[in-house]
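The values are calculated or read from the model by the stated rules, or taken from the named source; none is laboratory data. Since this is a predicted model, take the numbers as computed values, not measurements. Reconstructed Cβ throughout: ideal geometry from the backbone, glycine too, with neighbour counts over all protein chains shown. Calculation scope for accessible area: heavy atoms of the full protein, side chains included, ligands and nucleic acids excluded. Shrake-Rupley method; radii C 1.70, N 1.55, O 1.52, S 1.80 Å.
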Amino acid sequence: MAYIEILDGDVYKYYADGEWKKSTSGKSVSIINPTTRKPQYKVQACSQEEVNKVMDSAKSAQKSWAKTPLWKRAELLHKAAAILKEHKAAIAECLVKEIAKPAKDAVTEVVRSGDLVSYCAEEGVRILGEGKFLVSDSFPGNERTKYCLTSKIPLGVILAIPPFNYPVNLAVSKIAPALIAGNSIVLKPPTQGAVAALHMVHCFHLAGFPKGLISCVTGKGSEIGDFLTMHPGVNCISFTGGDTGIAISKKAGMIPLQMELGGKDACIVLEDADLDLVAANIIKGGFSYSGQRCTAVKVVLVIESVADALVEKVNAKVAKLSVGAPEDDSDITPVVSESSANFIEGLVNDAKQKGATFCQEYKREGNLIWPLLLDNVRPDMRIAWEEPFGPVLPVIRINSVEEGIHHCNASNFGLQGCVFTKDINKAMLISDAMESGTIQINSAPARGPDHFPFQGIKDSGIGSQGITNSINMMTKIKTTVINLPSPSYTMG
C-alpha cells in the first residue's frame, strides 16, 4: 500500500519538510463518518510551534523554487496530476467515508482535480512566460527616454484553506496556481476531508517537489486557525468556506485575500421558460450532493402563473431521488455533521411555524435528511435568506421579474444565480440587474469548468478564482525601468 508511510498506527501524519511527521503535541483529532456517526479516522493535532517551523521551511523553499525554470515547475505539476489520477480509487474512498460524497461523484472529483493541475501547468507557462514593454513618450510631457519592463513574480508563502465539500478539488485549485507561479504552499485542510487531502498531498510528494515547498498541517481550528491566518510568514490567503472567511478577512494583515464564501443562489423562472428544463436543473442544482454546494440553487423565484406547473414537475422528480448511503451512490446522502443537520432542521421548523407548504413530509434519520421542497415560502421565513447547505429548497412565488430581482439583490450573498427564459434579451437584462458574481442563463449555477472565472460579491467573497485568475492573483508585478540619456542626437 503506497499510503503506509502516512500512517502512524491509526493516526494519519501531517506533512512538512518533505516528510510525514507525528505531532509533538501527542494529540489527535477524530473525523466522524457522517453516515455511521462513528469515528472513522484520526489526524495529528499540530501545535503552534510546528506551524512556526512549517512557515520557516516554506519561506526558504520558496526562494529556490522561484528560481526553478517555469518549464520544470510545469513538468512536476503534470507528474503530480498523473499520480493523482492513478490514486483516484483510494482518495475517493476517503471522500465517501469522511464527507459522505456519493462514490461516483468522489471519483469524478479526483479526476477533475488531476485535469485542473495539468491545465494550470499549461496556462501558467503561457501567462508567466510573457511580460510587458512600455515606453515613456506615450504619456504627455515625456521624451522616449525610459523603457519599462514588467513581469509577474511570486508572492511568497500561500496559505490554502479548502472546505469540507470539495477537500481535494478546492485544495488543488489553490495549490497548482500557487506552485506554477513560484510560491510555496501551506495547506490547512478541513477536519472533514483531511484524510482525502493528505492522500492528495502524498501524490505531490511522490511527484518529487522540493522539500518544504508543500506542507499540510492538520489540527483544531481553535488551536491553530487564527495562528495560521494571522501568521506574519503568510503572504496570501486563499480560503473557501463560510462565515469564518469574514472573520479571517478582518484579522488578516495587509496581504492579498482570495475568498469564496457562502451563497444564496437564486433561480428566477419566467412564464415563458421551458419548465421541464427548469425542473431538471432545480433537481441537479438544488439536490446534488444533498445541496451541500456553495453554488447550489438555494431559492426558486417563480412567476405565479407557472408556479403550480413547475412545483408539480419538481415534486415528480424529487420522488425519484434515491436516499441512502454514499457507498450505494444514492442521490441524497447524509449531510456532513449532526450540527449541520440540526441547523437545517431549525430552518425547516421555522418555515413550518410560519405556514410554508411542505410538498413532502419532513423526514430525518441521524444526519440523513430526505429531500424537501417548500412551496409558498415568504420573506419572513429564515429559509428565504439563510443558506441551509442541505437538501431543502424554498420556492417563493413572485408577481413580476422586478420582485425576483429585488429578492435576489436584498440578500447579503452574491455568489451565483440563474434565470430561465426563452427571451435572450430579457435574460441579459435580468443578468445585468442581478447582483451576483456569475449568472447562468437556462442552467443551474455551477463552479466550472475550472478555467472559468469564479467569484462572489458582498458576503460571498473577495477576488476571483478560476485557473487564470488564481495564477494572476498569486503573483505581483515587478517593474524594471531602463533610463536612457536625453536624445542629444538623431539617428540617420
Under Karplus coefficients 6.51, -1.76 and 1.60, residue-wise ³J(HN,Hα) of region 380-390 in Hz, glycine/proline x: 7, 8, 4, 5, 5, 10, 7, 8, x, 6, x
In whole Hz, what ³J(HN,Hα) sequence does region 446-456 give by Karplus (6.51, -1.76, 1.60; θ = phi - 60°), x for Gly and Pro? 6, 8, x, x, 5, 8, 6, x, 9, 8, x
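Shape of the chain from its Cα gyration tensor (a ≥ b ≥ c, root eigenvalues): rounded if a/c is under 1.5, otherwise prolate when a/b > b/c, or oblate? Intermediate values should be presented prior to the final figure.
Details: a/c = 2.21, a/b = 1.28, b/c = 1.72.
Taking the square roots of the gyration eigenvalues as a ≥ b ≥ c, the chain is oblate.
Using a 1.4 Å probe on the protein chains only, how many percent of the accessible area of region 280-386 belongs to carbon and sulfur? Spell out each step's value before the answer.
Details: 2070 of 4230 Å².
On region 280-386, the fraction of accessible area on carbon and sulfur atoms equals 49 percent.
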Would you list 436, 322 from the most to the least accessible area, probe 1.4 Å? 322, 436
How high is the FRET efficiency between residue 378 and residue 10 when r is their beta carbon distance and R₀ equals 51 Å, given to the nearest 0.05? 0.55
Tell me the GluC sites (Glu not before Pro) within region 246-317 that lie in a loop according to DSSP and have at most 11 other beta-carbon atoms within 10 Å. none
Which value, in Å² rounded to 10, gives the accessible area of residue 21 with a 1.4 Å probe and all protein chains present? 50 Å²
Where Rh is the Kirkwood radius over Cα pairs, Rg/Rh for region 375-468: 0.96
List every residue whose amide H lies under 5 Å from the amide H of residue 440, counting only residues 5 or more places away in sequence or on a different chain, with H placed 1.01 Å from N in the peptide plane. 417, 418, 419
With θ set to phi - 60°, apply the Karplus curve 6.51 cos²θ - 1.76 cosθ + 1.60 along region 404-409 and write out the HN-Hα couplings as whole Hz, x wherever there is a Gly or Pro. x, 5, 4, 4, 4, 7
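If the limit is 19 Å between Cα atoms, which of 211/251; 42/188; 132/152; 188/220; 72/152; 174/220 go over it? Don't jump to the answer; show the numbers that get you there.
Details: 211/251 30 Å; 42/188 15 Å; 132/152 10 Å; 188/220 10 Å; 72/152 17 Å; 174/220 21 Å.
Distance filter (> 19 Å) returns 211/251; 174/220.
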At a 1.4 Å probe, what is the % contribution of carbon and sulfur to the accessible area of region 119-217? 55 percent
DSSP beta bridges in the chain, what fraction antiparallel, as a percent rounded to 5? 45 percent
Around residue 32, which amide H atoms from residues at least 5 apart in sequence, or from another chain, sit under 5 Å from its own amide H, with H modelled in the peptide plane? 40
Long-range amide H partners of residue 20, meaning residues 5 or more apart or on another chain whose placed amide H is closer than 5 Å, are none
Only four residue types carry charge here, +1 at the Cβ of Lys and Arg and -1 at the Cβ of Asp and Glu. Report the dipole size of the chain about the Cα centre in Debye, rounded to the nearest 20. 1640 debye
How many Å² of accessible area per residue for the chain, probe 1.4 Å? 42 Å²
Between residue 145 and residue 451, what is the label-point separation in nm under the 7 Å Cα-to-beta-carbon projection? 4.5 nm
Counting only protein heavy atoms and using a 1.4 Å probe, what share of the accessible area of region 398-437 belongs to carbon plus sulfur, as a whole percent? 52 percent
Solvent-accessible area of residue 144, probe 1.4 Å, all protein chains present, reported in Å² to the nearest ten, please. 130 Å²
Could you tell me the accessible area of residue 108 in Å² (1.4 Å probe, neighbours in place), rounded to the nearest ten? 80 Å²
For residue 403 and residue 68, calculate 0.36 nm times their separation in residues minus their Cα-Cα distance, and state this gained length in nm to one decimal. 115.1 nm
If I stretch the segment between residue 483 and residue 320 completely, what's the gain in nm (0.36 nm per residue apart, minus their alpha carbon distance), one decimal? 51.5 nm
Helix-only mean residue ellipticity at 222 nm for the chain, each DSSP H run of n ≥ 4 adding -39500 (n - 2.57), per residue, nearest 500: -12000 deg cm²/dmol
